[in-house]
Amino acid sequence: MAATRGPRPGALLAAALTLPGVVPQAVAQSVPDTGYIQFKYLDYRDWQPGARRMRVENPGLFVLKPLSESLVIEGSLVYDGMSGASPLYFNALSGASGEGVTDYRTAGDVRLTKYFDRFSIGVGVAYSHERDYISRAGSIEVRTWTADKNRTYAFGFAGSADRISADEGAVQGERKNVLDFLFGITQVLSPTSIVQSNITYSRGHGYFTDPYKLLDNRPDHRRILAWLTRYNEHFPSRDGTLQLAYRYIDDSFGADSNMLEVAWVQPLPHGWSVRPSLRYYTQKSAFFYFGPPVGSGLRPGEPYTADTRLSAFGAWTPGILVAKQLDDGWSVDLKLEYYEQRGSWRLGGDGSEGLLPFSARWIQVGVTKTF
Amino acid sequence: MSSSASAQRWACANLKMKALRIVVAGLVIAALGGCASYAPPQAWEKQYLALPAMQFDADKLDAKNIQHVYFSKEGSAGGYGVGGGGCGCN
Amino acid sequence: MRTARIVFAGKSHIPPFVGIRLDDRQWPRHNANVMKTLVSIALFAGWLGAAPAWAVAAGEAAPSLALPNAAGQEVALAKMRGGVVYVDFWASWCGPCKRSFPWMNEMARKYGAQGLTIVAVNVDKKREDADRFLKLLPAEFTVVFDPVGTTPAAWQVKSMPSSYLVDAEGKVVLVENGFKDERKADVEQRIRAALGMR
């Protein structure tokens, strides 16, 4: 009875995807049944008092597509265009006139996930290429869940093989190999709350030194144990969601850290939503970091660094994300974050001294289309 | 600085770090136990879990970009997942 | 030193796990490891899913269903004895439900005249979410609403969507968890069988 047939199923389906709150993946272990493509552009700038430093322009693409009702492929491609000055040691910037260098990086990754009734297996590869740094990585992730899907166990394993060859031939053919292990549990606590806790163990061997820093000589092995716990709770009366994250890292370099992040997602009328966030990070200095003047504490044959990233500091990141849902499965978002890192902000005091505050800001615009 | 004063400062900082960890662990446990009671939902009660804001990996490209920024500006990183590969921005 | 032996068929066997030669220092650690393994196995077996003693499975009598439709009139399964009923539990937030509606419309068109009634039970807490879904994917079958959740509990719904085929005697003949394209042909076959067609 052709006369009573409604609109083409495809058109209705496409229209239905505009329903707000319907995300391609209902809960993590459900198979995504709609694909989406996303383009984001990140514009990053950092500086220290009196001097601009790095500028990074980072366009990126991400695609997720279900190939069948149990097989999903996803992948991303990003490009980093970096220019500007970075410190040679402490806050002393590189380049004769402080103008610095230009560099680029291209990176891509692909992951294939197969879903079964009570478990899923995902296999991924990643490749990153810079003028002086090539990284290849492979990973496998197995997830398994209870019959009521309220608890998921995740087991991950990854290996990466990196090759470093710095300019001027000073460093050629150095390698760095890292093995990562992950064990995580996700537990739905109630109809409005969910928690996830992951422990990651990373063992690296090889070249960790930064060849662009003066006198930099790092140990040839690094072990990192990271424990991340995330908690989301929805408040139906306010229509908003609270997101909390806490991470503790134990690092063989000595740069142990604590991070706390809090955010609130608030939907607004007409498809708008806003997400203010605040992150605090505090870090101990590496055992081989010595404060100014450069070279103090340096002993022949012993590890040494004057890289402020391995100093003891605290850092704050206030941020805001604004998003709007449009018709036909389109949505746009804009994120703005400001970052500042200071020795005096380290929790408990004892931050590294003699360093200037480091500041950064980044803006990220994104467009997403479900299909 | 005399060794006993520096030892005292070290001991004090160590104690503060331990106290911080206990406080944060307490906050996490309170959030888990206090805000929401443990009542795992039935299949038909999962509408709020379907919201993007309730997902942990809703925006993968954003997470990738932001974690990359922090990896290049802070000493230690990780915990979110495995297999991203590296870069020269350590 | 302690070893355990099992005597079986006249021979003395030392099962690999049980009969181990350890000195006194190693036993406490060994015992602890055994306990940990046993506890892990027990927990693992536990979550693999102890099935409830009674389940809504094929062959069981269908639980009751009496819910209001969009106009407020009550729709009751008990009044549909003698006809085949396809009961589907859905929600606006359920991804596969978007694909199941066009298929259920097709089934209603093909077999409505032959005695098939489709009753789709909506479990959204807020009626406007369901209405928004229905505006985009109109239903050519009966839609009823249960925001409280007593009906899905009675039918022991394990996934969203879930559907149950009830025959003319009021017995459940098929339980489907989820909605998969690869199952469509088989479910349609079961509907035809229940209707006495073929």
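Table for the structure above
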item: Residue C:95 vs. criteria modelled with pLDDT under 95, touching a helix residue (DSSP H, G or I) at 6+ places or on another chain (Cβ under 9 Å) and either polar (S, T, N, Q) or part of a loop (DSSP other than H, G, I, E, B) (or both); result: yes
item: Qualifying residues in the range B:60-88 (those that are surrounded by fewer than 21 Cβ atoms within 10 Å (Cβ to Cβ) and more than 7 Å from chain A (Cβ to nearest Cβ)) - the one nearest to residue A:148 (Cα to Cα); result: B:63
item: Residue A:314 being of a type outside the set (D, E, K, R), more than 26 Å from residue B:66 (Cα to Cα) and either surrounded by fewer than 14 Cβ atoms within 10 Å (Cβ to Cβ) or in contact with a Lys or Arg (Cβ under 6 Å, 6 or more places away or on another chain) (or both); result: no
item: Test: residue A:239 is of a type in the set (Asp, Glu), within 30 Å of residue A:273 (Cβ to Cβ) and surrounded by fewer than 20 Cβ atoms within 10 Å (Cβ to Cβ); result: yes
item: Within the range A:44-83, considering residues that are more than 22 Å from the chain's Cα centre (by Cα) and not hydrophobic (A, V, I, L, M, F, W, C), the one farthest from the other protein chains (Cβ to nearest Cβ); result: A:50
item: Residue among A:95, A:81, A:75, A:100 that alone is modelled with pLDDT under 90 and surrounded by fewer than 18 Cβ atoms within 10 Å (Cβ to Cβ); result: A:95
item: Those residues of the range B:42-78 which are part of a loop (DSSP other than H, G, I, E, B), modelled with pLDDT of 90 or more and within 20 Å of residue A:244 (Cβ to Cβ), in sequence order; result: B:51, B:55, B:56, B:59, B:74
item: Set C:121, C:143: member being under 21 Å from residue C:158 (Cα atoms), touching a Ser or Thr at 6+ places or on another chain (Cβ under 7 Å) and at pLDDT 95 or above; result: C:121
item: Residues located in the range A:112-139, provided they are at the interface with chain B (Cβ under 8 Å from one of its Cβ atoms) and surrounded by fewer than 21 Cβ atoms within 10 Å (Cβ to Cβ); result: A:127, A:130, A:132, A:136, A:138
item: In the range A:327-348, the residues that are of a type in the set (A, V, I, L, M) and either in a strand (DSSP E or B) or out of contact with any helix residue (DSSP H, G or I) (no Cβ under 7 Å at 6 or more places or on another chain) (or both); result: A:332, A:334, A:336
item: Test: residue in the range C:136-154 that is more than 10 Å from chain B (Cβ to nearest Cβ), under 17 Å from the mean Cα position of the chain (by Cα) and not hydrophobic (A, V, I, L, M, F, W, C); result: yes
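To keep it simple, each residue is scored yes or no on (1) part of a loop (DSSP other than H, G, I, E, B); (2) out of contact with any helix residue (DSSP H, G or I) (no Cβ under 8 Å at 6 or more places or on another chain); (3) touching a residue at least 60 places away in the same chain (Cβ under 8 Å); (4) not β-branched (Val, Ile, Thr).
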position	(1), (2), (3), (4)
C:58	yes, yes, yes, yes
C:64	yes, no, yes, yes
C:71	yes, yes, no, yes
C:75	no, yes, yes, no
C:88	no, no, yes, yes
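Yes or no, residue by residue, for (1) in a strand (DSSP E or B); (2) free of Cβ contacts under 8 Å to residues at least 12 places away in the same chain; (3) not hydrophobic (A, V, I, L, M, F, W, C):
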| site | (1), (2), (3) |
| --- | --- |
| A:54 | yes, no, no |
| A:58 | yes, no, yes |
| A:64 | yes, no, no |
| A:68 | no, yes, yes |
| A:76 | yes, no, yes |
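The values are calculated or read from the model by the stated rules, or taken from the named source; none is laboratory data. This one's a predicted model, so the numbers in the text were calculated from it and none came from an experiment. Cβ: placed from backbone, ideal geometry, glycine included. Neighbour counts: every protein chain shown.
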